[in-house]
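S.K.: Can you keep this structure in mind? I'll have questions shortly.
The values are calculated or read from the model by the stated rules, or taken from the named source; none is laboratory data. Note that this is a predicted model, so its numbers are computed, not measured. Note: ideal-geometry Cβ built from the backbone for every residue, glycine included; neighbour counts use all protein chains shown.
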C-alpha cells in the first residue's frame with residue numbers, strides 16, 4: 001500500500017493587503033511500501049506530520065493539501081506527464097526524491113535525459129540539502145554546477 005497526497009499551489013498576484021490568488025497546479029507526493037500497521041495508523045490519525053511539512057502560506061505563495069488516499073502499490077496516481085515526489089523516512093527525517101524523465105512531455109534541453117532531485121523535508125514547506133543531478137543522453141551524470149559550466153563552455 002501507499003499514501004498518495006495531492007496539493008494545490010497558489011501565487012499571489014496582488015499584495016499582502018489586497019491579495020489576488022491564482023491557482024498554479026500542485027504536486028503529488030507518494031509514501032510507498034506501507035505495512036498494514038502503518039496503513040491503520042494513517043486511517044486512524046491521518047497525516048499530521050506530512051501535512052505540517054508540505055503545507056505553507058506566506059504573502060507571495062501557498063501550498064496546501066487537497067486530499068490524500070491510501071491505495072494499492074500498483075495504482076497509477078497521476079497523469080503521464082507528471083512525476084510525483086516519493087517520500088521516505090530515513091535516519092530520523094523525511095526525504096523527498098523524484099526523477100523526471102525528459103521524454104515526450106519533457107521541458108529540459110534535448111541533450112538532458114533526466115533530472116533527479118532530492119531534499120530533506122522541513123516544516124512549512126522548507127527544504128534542506130537540496131540536490132539535483134542531470135543524466136545526459138551520452139550517459140554522463142552532472143551536478144547543477146557542472147551542467148551550468150557545460151552549457152557556458154558550449155556557448
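S.K.: Report, by residue number, each residue of segment 26-37 that is without any contact (Cβ under 8 Å) to a residue 60 or more places away in the chain and buried (at least 16 other Cβ atoms within 10 Å of the Cβ).
M.R.: Those that are without any contact (Cβ under 8 Å) to a residue 60 or more places away in the chain and buried (at least 16 other Cβ atoms within 10 Å of the Cβ): 26, 27, 28, 30, 31, 34.
S.K.: Do the conditions hold for residue 84, that is, is it on the phi < 0 side of the Ramachandran plot, exposed (fewer than 10 other Cβ atoms within 10 Å of the Cβ) and either out of contact with any helix residue (DSSP H, G or I) (no Cβ under 8 Å at 6 or more places or on another chain) or at pLDDT 95 or above (or both)?
M.R.: Considered against the rule, which asks whether it is on the phi < 0 side of the Ramachandran plot, exposed (fewer than 10 other Cβ atoms within 10 Å of the Cβ) and either out of contact with any helix residue (DSSP H, G or I) (no Cβ under 8 Å at 6 or more places or on another chain) or at pLDDT 95 or above (or both), residue 84 comes out as no.
S.K.: If you don't mind, there's one more thing I want to ask. Scanning for something at pLDDT below 95 and part of a loop (DSSP other than H, G, I, E, B), does segment 56-65 turn up at least one residue?
M.R.: no
S.K.: Hey, any hits in segment 111-123 for a residue that's free of Cβ contacts under 8 Å to residues at least 60 places away in the same chain, outside any loop (DSSP other than H, G, I, E, B), farther than 28 Å from residue 61 by Cα and in contact with a strand residue (DSSP E or B) (Cβ under 8 Å, 6 or more places away or on another chain)?
M.R.: yes
S.K.: I would also like to ask the following. Looking at 44, 99, 51, 138, can you tell me which residue is at negative phi, modelled with pLDDT of 95 or more and exposed (fewer than 11 other Cβ atoms within 10 Å of the Cβ)? Write out each step before concluding.
M.R.: Numbers: 44 fails: modelled with pLDDT of 95 or more; 99 fails: exposed (fewer than 11 other Cβ atoms within 10 Å of the Cβ); 51 fails: exposed (fewer than 11 other Cβ atoms within 10 Å of the Cβ).
Only one candidate passes the filter, namely 138.
To keep it simple, each residue is scored yes or no on (1) assigned to a loop (DSSP other than H, G, I, E, B); (2) under 24 Å from residue 10 (Cα atoms); (3) touching a helix residue (DSSP H, G or I) at 6+ places or on another chain (Cβ under 7 Å).
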{"position": "38", "(1), (2), (3)": "no, no, no"}
{"position": "42", "(1), (2), (3)": "no, no, no"}
{"position": "53", "(1), (2), (3)": "no, yes, yes"}
{"position": "68", "(1), (2), (3)": "no, yes, no"}
{"position": "80", "(1), (2), (3)": "yes, yes, no"}
{"position": "108", "(1), (2), (3)": "yes, yes, no"}
{"position": "129", "(1), (2), (3)": "no, no, no"}
